[in-house]
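The values are calculated or read from the model by the stated rules, or taken from the named source; none is laboratory data. What you see is a predicted model, and the numbers here were worked out from it, not measured in a lab. Ideal geometry is used to build each Cβ from the backbone, glycine not excepted, and the neighbour counts take in all protein chains shown.
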Amino acid sequence: MSRERILGAAVDRIASDGIDAVRIARIAMDAGVSTALVHYHFATREALLAEALAYSFELAGDAHIADPGDATATERLRDMIEQCLPLPGVQEERDWVLWVELWLRAVRHPELRPTAAHLYARMHEWLREAIEAGIEAGEFTACDAGRLTDRVLALIDGFGVRALLDDPAVPLERAREEVWDALARDLVLAPVLTRG
């Protein structure tokens with residue numbers, strides 16, 4: 001489908017060049033379509049960029065929100081934290097670069113703020129529901145799951161950016177441990193996140 005090819009090309013171009021450098025003509029070339037077709041599907045460049053970012057994060061979210069099978073609540077939460085951090089690999093780092101691009105662009109362009117808010121709300125719901133399920137199952141200590149989720153997302157953002165930048169003070173392993181330790185204090189879990 002040409003619309004999805006255009007969105008995919010826009011996502012790749014944003015990740016490689018940065019959102020401010022993206023041009024409609026280059027996206028059309030990458031997608032193998034005419035610029036007229038891009039304009040047919042998207043009224044403005046900003047509309048295309050906003051939808052491309054939302055498209056990328058929705059796809060990533062769908063991949064993350066998979067059926068956990070018979071995993072315990074602790075195992076599921078561990079895997080979720082792992083998925084939220086900038087793990088080595090093209091896809092994971094690309095998703096983080098796009099996330100940072102969205103933050104920067106939304107600060108300067110208020111029309112992108114609803115996109116960012118929607119994506120945060122979806123991530124919040126995903127993590128909060130996992131915490132609530134663990135509490136209900138008796139695996140986690142009762143707490144305000146919504147507030148804990150807000151703190152965890154803030155930690156993921158902060159430590160994730162530093163890990164993405166290869167900050168020697170915050171390698172990925174430390175980012176993982178800091179986020180997990182914050183959860184462990186509130187939910188009374190093992191203090192160190194071990195990789196299975």
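Quick notes on this structure:
- Evaluation of E82 against (1) modelled with pLDDT of 90 or more; (2) surrounded by 14 or more Cβ atoms within 10 Å (Cβ to Cβ); (3) within 14 Å of the chain's Cα centre (by Cα) (one fails), failing number: (1)
- Contact map, region 111-136: first residue among the β-branched types (V, I, T), second residue not in a helix (DSSP H, G or I), Cβ cut-off under 7 Å, separation 6 or more or different chains; pairs are I131/F140; I135/A142.
- Candidate set: region 30-71, residues that are modelled with pLDDT of 85 or more and β-branched (V, I, T); chosen: the one surrounded by the fewest Cβ atoms within 10 Å (Cβ to Cβ): T44
- Among the residues of region 78-103, the ones that are without any contact (Cβ under 8 Å) to a residue 40 or more places away in the chain, of a type outside the set (V, I, T) and in a helix (DSSP H, G or I) come to 6 in all.
- Of the residues making up region 96-140, those that are farther than 25 Å from L172 by Cβ and β-branched (V, I, T) are V107, T115, I135.
- Any chance L148 is under 24 Å from D70 (Cβ atoms) and more than 16 Å from the chain's Cα centre (by Cα): no
- Qualifying residue in region 112-130 (condition: more than 18 Å from the chain's Cα centre (by Cα) and surrounded by 13 or more Cβ atoms within 10 Å (Cβ to Cβ)): no
- Residues of region 137-152 satisfying the condition of being surrounded by fewer than 13 Cβ atoms within 10 Å (Cβ to Cβ) and either within 30 Å of A50 (Cβ to Cβ) or acidic (D, E) (or both): D144, R147
- Flag if G134 is assigned to a helix (DSSP H, G or I), crowded, with 19+ Cβ neighbours inside 10 Å, in contact with a Pro (Cβ under 9 Å, 6 or more places away or on another chain) and not acidic (D, E): no
- Residue check, E75 among the charged types (D, E, K, R), under 22 Å from T149 (Cβ atoms), surrounded by fewer than 16 Cβ atoms within 10 Å (Cβ to Cβ) and touching a residue at least 60 places away in the same chain (Cβ under 8 Å): yes
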